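Report on the structure given below.
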Amino acid sequence: MFGFILRRLSLLIPTFIGVSLVAFFFIRMLPGDPVLLLAGERGISPERYAELMHRFGFDLPLWQQFIYYFTDLLHGDFGTSISTKKPIFTEFFTLFPATLELSICAVIFAVALGVPAGVIAAVKRNSWFDHSAMATALVGYSMPIFWWALLLIIVFSGMLGWTPVSGRISLMFFFPKVTGFMLIDSFLSGKAGAFQSAASHLILPTIVLGTIPLAVIARQTRSAMLEVLGEDYIRTAKAKGLSPFRVVAVHALRNALIPVITTIGLQVGTLMAGAILTETIFSWPGIGKWMVDSIFRRDYPAVQGGLVLIALIVMAVNLVVDMLYGLVNPKIRHQR
Amino acid sequence: MTAVSASVRPGRLKEFWRYFSENHGAVAGLVLFVALVIVALAAPVFAPFNPDQQFRDALLMPPLTEGSEGLFLLGTDALGRDMLSRLIFGARFSLFIGVVVVSVSLIGGVIIGMFAGFFRGWVDTVIMRIMDIILAFPSLLLALTLVAVLGPGLTNAMIAIAIVAQPHYVRLTRAAVFSERNRDYVTAARVSGAGPFWLMFVTILPNCMAPLIVQAALSFSGAILDAAALGFLGMGAQPPTPEWGTMLAEAREFITRAWWVVTFPGLAILITVLAINLMGDGLRDALDPKLKRS
């Protein structure tokens, strides 16, 4: 197992170097001079220009610039945002809990509905439930989530007035930030109505972000269950006289969940892509919205740093999923 | 599709159709898709109005409004343009995006994956590490930043989405080549003097097509969704192009006043993507022997 982890980790090093190369050249590919871009429309004197070129190291050869950039990355220095003048690392991790909270809620929503739906669909194969659940899953899987968000806003915020349209909590509430997770912080604050407000702000974004994972998980659970239900050990369990519920819930589901867990892990990239759209529509102050805003503000250091940090998170999660999978499946562990 | 139909014996094509037509959803998807293609190709015939024509006396009219110029079946948008006509012309963009993105990423991915799988060694290592790098970024985010660098617009959006979609083809082709390259028929072809390119693209490739076709269907719908998302974020096709995602972005501010300008473009995206995914499911069942009759 140790060798397996080492092998996976060693694969990550060239990927990380590549990711930072992509982010580095991304800024260099932009049309226009980076210093003039920073100076904006006010213009800049030739002396100041030369000084800035030197300060940012733009007068060095490209490979040297990259080595400096990469060394900075290794020291945790991801650059400074142009618009807020704050270090990108700090800015990213101030906003990250918001995205994490939303993503966790979306995954819980997707698993809580998707796994039972998939199991029932597999057990009652070809029943009306199976057909309608799988048809719904396919619709969910094909859903343009930015439109789905607008529809939910029209119905639940506009027509029914049940849920707020944007933000994480009503502006009425002020309390210290403890964990960065609004649900926990509002609960800890003890203010009446704060938790309810935070929860009601979460509902629509959670549904929107969770829709595609829900569809994927339901389909995956169903096909994994169908495969497992045909195995000999299930027949044995039935023959032993165990209750059908026990056979399904304990013997079958435990084995069927292995591929499903991998699927959930691999949804991280999808979740991040979804977070970009969901956060933009619901004005959710997370990193998805921050990235889009940075792109529109032409805050290129922020975009660059954000790209590297998000890629690092995706890589880390994929590594954990790989390791979990290797842990439960020796076949993968010993593969070269 | 055509590459396979040409190289497959008629018996196998018949067998494919038998499996495919067993799946009613897949057939429904196919019918819907063909209908969409016809509508897109003959858009000027089906559209009641010019998609860019503004009727200044009929701004934000609800569906089924009888205007001075004729019936606005699905209403008009904020500039008085007929929604139905814009949606019909929009089908052209979505299908065009799908075709271009799938062809570019499929051809590029197959060639790269073929080299990786056939030559192995350092060629394979370098190629796969580059693909890992692309896959480390969430696809929409990478496409979004690429478009930011290249400049917003439909062409750049398609380039970005094709780059992002490519690694999947590379991986599939490489895996298929790995399992095929030591088979007897490949050795036989090599012994009889076939060069590496002949071996790669004439001998091996036709036997790796099944997973590639399924992936092509999946990324066709993915490309349409991503292009619409880019359009929605203002980074794809630019107004006044009647692209569905761009139309949604323009409609956002009228969300509480005019439900139809928001509802119909999204519905068009959903129906198109759904039709392609239905077809994709049918293709997978029919082409993937492992999943057959599961």
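We did not get these values from a lab; they are worked out from the coordinates using the rules stated. Fair warning: this is a prediction, and the values are worked out from it, not measured in the lab. Here the Cβ positions follow ideal geometry from the backbone for every residue, glycine too, while neighbour counts run over all protein chains shown.
In table form, for the structure just shown:
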{"quantity": "Selection of trypsin sites (Lys or Arg not before Pro), the stretch B:12-121, meeting DSSP coil and at most 16 other Cβ within 10 Å", "calculated": "B:R56, B:R120"}
{"quantity": "Residue of B:N156, B:N182, B:N50 that the Gaussian network model of chain B assigns the largest fluctuation, springs spanning Cα pairs under 10 Å", "calculated": "B:N182"}
{"quantity": "Distant-in-sequence amide H partners of A:W284 (H built 1.01 Å from N, under 5 Å)", "calculated": "A:G167"}
{"quantity": "Hz values of 3J(HN,Hα) by residue in the stretch B:40-46 - Karplus curve (6.51, -1.76, 1.60), Gly and Pro given as x", "calculated": "5, 5, 9, 3, x, 6, 7"}
{"quantity": "Peptides A:229-241, A:257-269 ordered by average Cβ neighbours within 10 Å, highest first", "calculated": "A:257-269, A:229-241"}
{"quantity": "Point-to-point label distance, B:E253-A:I44, nm (Cα→Cβ direction, 7 Å offset)", "calculated": "3.4"}
{"quantity": "Placed amide H near B:A194: partners under 5 Å, 5+ positions off or other chain", "calculated": "none"}
{"quantity": "The stretch A:231-323, relative contact order [Cα under 8 Å, separation at least 6], %", "calculated": "22"}
{"quantity": "Shape box of the stretch A:178-251 [Cα atoms, principal axes, largest first, Å]", "calculated": "56, 26, 18"}
{"quantity": "Among B:L106, B:L205, B:L95: highest mean-square fluctuation, GNM of chain B, C-alpha pairs under 10 Å", "calculated": "B:L205"}
{"quantity": "Cα lying deepest toward the dipole's positive end in the protein assembly as shown, options B:F264, A:V208, A:Q65, charges on Cβ", "calculated": "A:V208"}
{"quantity": "Pair A:L60, B:V45: separation of 7 Å Cα→Cβ label points (nm)", "calculated": "6.4"}
{"quantity": "Vicinal HN-Hα couplings computed from phi for the stretch B:205-213 (Karplus, 6.51 cos²θ - 1.76 cosθ + 1.60; Hz; Gly/Pro x)", "calculated": "3, x, 8, 10, 6, 3, x, 5, 5"}
{"quantity": "A:F296-B:A188 pseudo-label distance in nm [points 7 Å out on the Cα-to-Cβ vector]", "calculated": "6.2"}
{"quantity": "C-alpha center-to-center spacing [the stretch B:218-265, the stretch A:232-271] in angstrom", "calculated": "40"}
{"quantity": "Volume per residue that the Cα convex hull of chain B spans, once the total is divided by residue count, Å³", "calculated": "151"}
{"quantity": "Between 0 and 90°, nearest 10: helix B:10-22 axis offset from chain B longest Cα axis", "calculated": "50"}
{"quantity": "J(HN,Hα) series, the stretch B:27-35, from Karplus relation 6.51 cos²θ - 1.76 cosθ + 1.60, nearest Hz, glycine and proline x", "calculated": "5, 4, x, 4, 4, 4, 5, 4, 4"}
{"quantity": "In degrees, nearest ten, helix B:139-150 long axis to first principal axis of chain B (Cα)", "calculated": "70"}
{"quantity": "Within 10 Å of each Cβ in A:146-153, the average number of Cβ atoms from other chains", "calculated": "6"}
{"quantity": "Fully extended contour minus Cα-Cα distance, from B:I107 to B:S179, at 0.36 nm per residue", "calculated": "23.9 nm"}
{"quantity": "Summed side-chain charge close to B:M247 - residues other than B:M247 whose Cβ falls under 11 Å, Lys, Arg +1, Asp, Glu -1", "calculated": "0"}
{"quantity": "Assigned charges on the beta-carbon of Lys, Arg, Asp, Glu; the protein assembly as shown dipole about Cα centre (debye)", "calculated": "2120"}
{"quantity": "Förster-model FRET efficiency, 25 Å R0, A:S10 and A:I104, C-beta, rounded to 0.05", "calculated": "0.25"}
{"quantity": "Angle in degrees between helix B:83-119 and the longest Cα principal axis of chain B, rounded to the nearest 10", "calculated": "20"}
{"quantity": "Highest to lowest packing among A:118-124, A:76-82, A:158-164, A:305-311, scored as the average C-beta count within 10 Å", "calculated": "A:305-311, A:118-124, A:76-82, A:158-164"}
{"quantity": "Cα-Cα over 25 Å, subset of A:K86/A:K191; A:K124/A:K238; A:K191/A:K289", "calculated": "A:K86/A:K191; A:K191/A:K289"}
{"quantity": "Span-like helix ranges in chain A, DSSP H, alpha carbon extent 24 angstrom or more, Kyte mean at least -1.0", "calculated": "A:2-29, A:88-123, A:194-229, A:300-328"}
{"quantity": "Simple Cβ-charge dipole of the stretch B:139-294, Lys/Arg +1 and Asp/Glu -1, about Cα centre, in debye nearest 20", "calculated": "520"}
